[in-house]
1. Tell me, what is the percent relative contact order of the stretch 190-345, built from C-alpha pairs under 8 Å that lie six or more residues apart?
2. Under a 1.4 angstrom probe, counting protein chains only, how are F223, F172 ranked by accessible area, largest first?
3. May I ask you to list the GluC sites (Glu not before Pro) in the stretch 286-373 that are in a DSSP loop and have at most 14 other Cβ atoms within 10 Å of their Cβ?
4. Roughly speaking, what is the centre-to-centre gap between the stretch 305-372 and the stretch 400-429 when only Cα atoms are used, to the nearest Å?
5. Counting only C-alpha contacts under 8 Å and six or more residues apart, can you give the relative contact order of the stretch 284-441 as a whole percent?
6. How would D292, D324 rank on accessible area, largest to smallest, probe 1.4 Å?
7. Using a 1.4 angstrom probe and counting only protein chains, how large is the accessible area of V368 in Å², to 10?
8. Where does the charge balance sit around L283 when Lys and Arg score +1, Asp and Glu -1, over other residues with C-beta under 14 Å from its C-beta?
Amino acid sequence: MSHEEDIVHSVTGNFGRWQLRTIILVFLCKIPTSWFMACVIYTAPVPQKTDYYCKPSLNNIPLEGNITHVHPEEWIHKSYPAREYQQKTDREFHIDQCYIRKPSSAELSNYTNPFDEPQQDQNSDSIVPCDHFEHISEYKSLITEFDLVCSRQLLVSVTQSFHALGALIGGFLAVKSLRIVSPKRLMLYGMIGQIICGNMTGLVSTFVLHVYYRCLTSIFCAFMYTSGQLILSDITAGKARTMTIILSELFSSIGLILLPGISIFFDSWSHLYVAISSSLLLLVIPHRWIADSPRWLLQHQKIDKTLTLLLESAAFNNRSIPLDMEQRLEHLATELQKKPTSTFWSLWDGKSPRLFIILIHWAWAVSVVIYSVMVVMIRFVDTTQLHVNTSCLGFAEMLGIFLGLYLTLYTRHRWLWSGYLMLFAGGITYLIWFIPDSNHP
């Protein structure tokens, strides 16, 4: 029996005020989850060359003489080789702040004598890697807190990788948990879990614990949007269901647009994590007005709760109630119990071409990976324009959502047009090579 023919649909209808209340509350939960996904842009921005320098240590400077108390400006002037040395050829030699010159005692004791031009070979004995950095930036980020500079900067990407791993694990756990936990209750568990673990992510003092709690918080985020998606798809029908599912990503874009404004008020990465995670407290109380999945309740023989839910829906939407509704609910509950649970492998039953299903999976996976990487890569762009770039990305995503909604509702070959659009966007991307470098006008 299809959803459009059963008693639940005949009472709730495709869409109404009752559905709208739940839709708005579920959509609002998307904003904190998108903040947590993209906050690495502002909690770990790429440091500028003037934000840090190699801290003087006994491993980097000679032991002779009284040189352990060198002024920072003097140390930078003496120890760093030239940033860039350009010959008449088209080659450029670059020695960044991850490497320093190992000055002698005589050079450090005589500040007025300038250094000779440094050698270009970083393997030379006079050029050594830095052991520890001194951070002088005003903003306390993951980079400054855990000294994630140079080769260790890869660890910043590790945090985002564990966020993706948490989303994957959380999706599987949510599907398994929904067999015994109602979607509404699982969504509440996700809210509470993100509040607790999200705050711990920003308050821990070791990088390993930070990565662990970020992965754990991502699992609870997956609980929220998986259960929320199930509720929305169950209480709506027809075009309203299609529009609701597509527009659910709209609030993720809104969250991405609001994130730069949120980050302005905090000068520490830990405070930003706490603010993002604690914002869900504003949605815990309204959670009571989120409707549960009526068919999940019937499948688990919770007929009284389903009856109360449908009566509330009919009152809000001004719809009539059949006199034999309780008997029809019992009949539907029996049918739902007998009906086998749909699994992933049921997609491969031969009704749809297998090549078509494979290509859809491939296109979806590639699109998600490209989008996730593109969001994270913003932090490698000019730091001074970070807020503007993030907001522009959010607006571009909103435009794509509305364009996708139009293709879904008003075109027959939506996959073909989506493919053309992806090819066009990919071709436009190559034009970035024609943008002149601001450092070399």
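The values are calculated or read from the model by the stated rules, or taken from the named source; none is laboratory data. All values derive from a computational prediction rather than experimental measurement. Virtual Cβ from ideal backbone geometry, glycine too; neighbours counted across all protein chains shown. To get the accessible areas, we keep the full protein, side chains included, count just its heavy atoms, and leave off ligands, DNA and RNA. Shrake-Rupley method; radii C 1.70, N 1.55, O 1.52, S 1.80 Å.
1. 25 percent
2. Correct descending sequence by accessible area is F172, F223.
3. Nothing satisfies the criteria.
4. 26 Å
5. After rounding, I find 13 percent.
6. Heavy-atom accessible area, descending, gives D324, D292.
7. That residue has around 60 Å² of solvent-accessible surface.
8. +4
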